[in-house]
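The values are calculated or read from the model by the stated rules, or taken from the named source; none is laboratory data. Not measured: the values here are computed from a predicted model. A quick note on method: Cβ atoms are made from the backbone with ideal geometry, for glycine too, and the neighbour counts reach across all protein chains shown.
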Amino acid sequence: MYTDFGENLKRIRKKLHLSQEQLGQKCGVSGAAISKYESGAAYPSLEIALALAQLLNVSLDTLFSTEPRNSVSVSGLTEEQAEIILQLTEQFRTQNIRKTEQFAGEQYELIGKIVSRLISHTS
């Protein structure tokens with residue numbers, strides 16, 4: 001059914017340095033239940049899946065593998081930060097289509113915005 005769900009759950013859990021027991025406690029299930037989810041022996045209810053996604057700070061699409069694997073989540077970013085990332089991604093796409101190696105002026109502008117936001121948030 002959801003062939004990558006268990007693998008995704010395990011990968012994300014390990015990336016956050018959580019044990020199965022710790023993750024289970026945080027979302028109200030046992031560590032054994034998390035083990036079953038990761039092995040594909042069982043799947044969580046929608047309520048538990050939502051709790052897992054929220055605790056792991058990922059979308060349900062990411063957990064259930066309906067997003068492309070190389071997608072970038074903008075979860076946790078401000079609307080402005082997310083828009084900058086999306087604009088820069090589009091600029092890189094355009095650059096690849098044109099097969100040019102140099103940055104366009106728009107890319108430099110977006111990089112400037114990123115640097116500006118980083119400096120203002122660290123001050």
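Some notes on this structure:
- Single residue of the range 64-123 satisfying the filter (in contact with a helix residue (DSSP H, G or I) (Cβ under 6 Å, 6 or more places away or on another chain) and charged (D, E, K, R)) that is modelled with the highest pLDDT: 113
- Test: residue in the range 43-54 that is over 15 Å from the mean Cα position of the chain (by Cα), more than 18 Å from residue 4 (Cα to Cα) and charged (D, E, K, R): yes
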